[in-house]
Amino acid sequence: MLPIKVPPLGESIVEATVSRWLKKEGDAVAAGDTLVDLETDKITVEVPALKPGVLTKRTKAEGEVVHVDDILGELDETAVAATVGAAAATAATAAPSAPAAPSRAASPPAAPAQSESTKSSPAARKIADERGIDIAAIAGTGRGGVVSKPDVLAAPTQQRPAVPPQPRGNGATPGERETREKMTTRRKRIAENLLQSQHATAHLTTFNEIDMSAINALREKYKEKVEKEHGVKLTFMPFFVRAACQALKQFPMVNSQIDGDTIVYKHYVNMGIAVASDQGLVVPNIKDADQKGTIDLSREISEVAKRARDGKLTMDDLTGGTFTITNGGVFGSLVSTPIINYPQVGILGLHKTQDRPVAVNGEVKIRPMMYIALSYDHRIVDGQQAVLFLVRIKELVEDPAAMLIE
């Protein structure tokens, strides 16, 4: 028997939760087939079969917490060969000495295996369940035929009766007044990190507002051209990333970290972008964002956000960030106080753009306005630096041409 073990999960990650078994006991599997998905506090890890065989035992159930090198199950690598050999021997013994007459009607071929043998991403399975789609009927376009989230989104929604999605904590049966749900590994770690940030930093937030007229006009002017020539959608985020990178060079303390009694200045910017995924909030980062132009930033932000939503982030995506931007505006938030992504010392919060009356040259004008917030660690970032940093962001976004000459 070949033991199926929990593989290395990544830097500083020691445990995971068994998210979903893709194979049943007794299923034949090929080398490379995903047997089980493990959810860590950062990423979803797919555990493949190292050799062909039959899954004979599942020793860990869905929802159980496991650690590196724990035994998840057992694979009999001799079972497939033995089964095939026995079948061949039986066929040879039963073969007639003379050709048999053809049957009048051939029986239809057996239906292919359904969802248990379908390779698919966790995000794809979740969307399929919510939309009532039989994922086994979808042709996967991912590597090795894996069904991805876009494959499910493009599929018809009436292949089987739809099951309405159950929001977390709302799966109660009639008559129940409360339900209890065990936290996943990822949710526990998110909670721990948020508390650590609040307890380990001198947390303070400062605010400003931005007139988005110039960025709106620039985006409207070039978005079709950029999408046609470069294949990427021009959003507001790359402009804020560029503005933040320039402001961080002017105020390097906001791009630093504390190591004991030492301040570590980062002479590069790995820009964290907070993304809401099916498994919770994740913050992948764009490496060396300060060295990249608007088009490259647009492409990388789009790619990393897609990997986050599809559960395909790597450890490299999630480590090494120096500063973070979070955009609550996509959900309608008008103003908030973002929590620092510890051990970083600053996070920029973007919000909903809303038409508001403002005073312009002594007259009241209606302008698209956005509140922005900077939460910072007051242990090493002084209030003056924080306010001036946010003012610099405002200046660059309201006059985007200034970003080209600095």
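The values are calculated or read from the model by the stated rules, or taken from the named source; none is laboratory data. Please read all numbers here as calculations on a predicted model, not as lab measurements. Methodologically, a virtual Cβ is constructed for each residue, glycine included, from the backbone with ideal geometry; neighbour enumeration extends over all protein chains shown. For the accessible areas, the whole protein counts, side chains as well, though only heavy atoms, and no ligand, DNA or RNA atoms are used. Shrake-Rupley method; radii C 1.70, N 1.55, O 1.52, S 1.80 Å.
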(request) Under 1.5 on a/c is rounded, so check that first for segment 1-50, then, if it is not, pick prolate when a/b is larger than b/c and oblate when it is not; a ≥ b ≥ c are the square roots of the alpha carbon gyration tensor eigenvalues. (result) prolate
(message) If I take R0 = 22 Å and measure r between the Cβ atoms of Glu224 and Ile295 in this structure, what FRET efficiency does the formula 1/(1 + (r/R0)^6) give, to the nearest 0.05?
(response) 0.95
(message) At a 10 angstrom cut-off on C-beta neighbours, averaged per residue, how do the peptides 49-60, 235-246 rank from highest to lowest?
(response) 235-246, 49-60
(message) Highest mean first, how do 354-365, 247-258 rank when packing is the count of other Cβ atoms within 10 Å averaged over residues?
(response) 247-258, 354-365
(request) Could you please put Arg125, Arg379 in sequence from largest to smallest accessible area, using a 1.4 Å probe? (result) Arg379, Arg125
(message) Please compute, for the alpha-carbon atoms of segment 292-406, the extent along each of the three principal axes and give them in descending order in Å.
(response) 52, 34, 33
(message) Of all beta bridges DSSP finds with both residues in segment 240-365, what is the antiparallel percent, to the nearest 5?
(response) 65 percent
(request) Please report, to two decimal places, log10 I(q)/I(0) for segment 308-347 at q = 0.16, 0.17, 0.19, 0.28 Å⁻¹ as given by the Debye formula with identical point scatterers on the Cα atoms and no solvent. (result) -0.56, -0.62, -0.75, -1.00
(message) Need the list of aspartates and glutamates near Lys60 for cross-linking: C-alpha distance under 14 angstrom, and skip anything on the same chain fewer than eight residues off.
(response) Glu15, Glu25, Asp37, Glu39, Asp69, Asp70, Glu74
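Using the heavy atoms of the protein chains alone and a 1.4 angstrom probe, what is the accessible area of segment 263-359 per residue in square angstrom?
On the way: 4110 Å² over 97 residues.
On a per-residue basis, 42 Å².
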(message) Cross-link candidates for Lys249: which aspartates and glutamates have Cα within less than 12 Å, leaving aside residues fewer than 8 places away along the same chain?
(response) Asp290, Glu406
(message) Longer than 23 Å from Cα to Cα, which of Lys119/Lys228; Lys119/Lys306; Lys266/Lys352; Lys223/Lys312; Lys51/Lys119 are they? Say none if no pair is.
(response) Lys119/Lys228; Lys266/Lys352; Lys223/Lys312
(request) Using only protein heavy atoms and a 1.4 Å probe, report how much of Val65 is accessible, in Å² to the nearest 10. (result) 50 Å²
(request) Determine which lysines satisfy two conditions relative to Lys188: a Cα distance under 17 Å, and not lying fewer than 8 residues away in the same chain. (result) Lys42
(message) Going by amide H atoms built from the backbone, whose H comes under 5 Å of the H on Ser19, apart from near neighbours?
(response) Asp37, Leu38, Glu39, Gly63
(request) Would you pull out the residues with amide H under 5 Å of Arg379's amide H, same chain only if 5 or more places away, H placed 1.01 Å from N? (result) Ala202
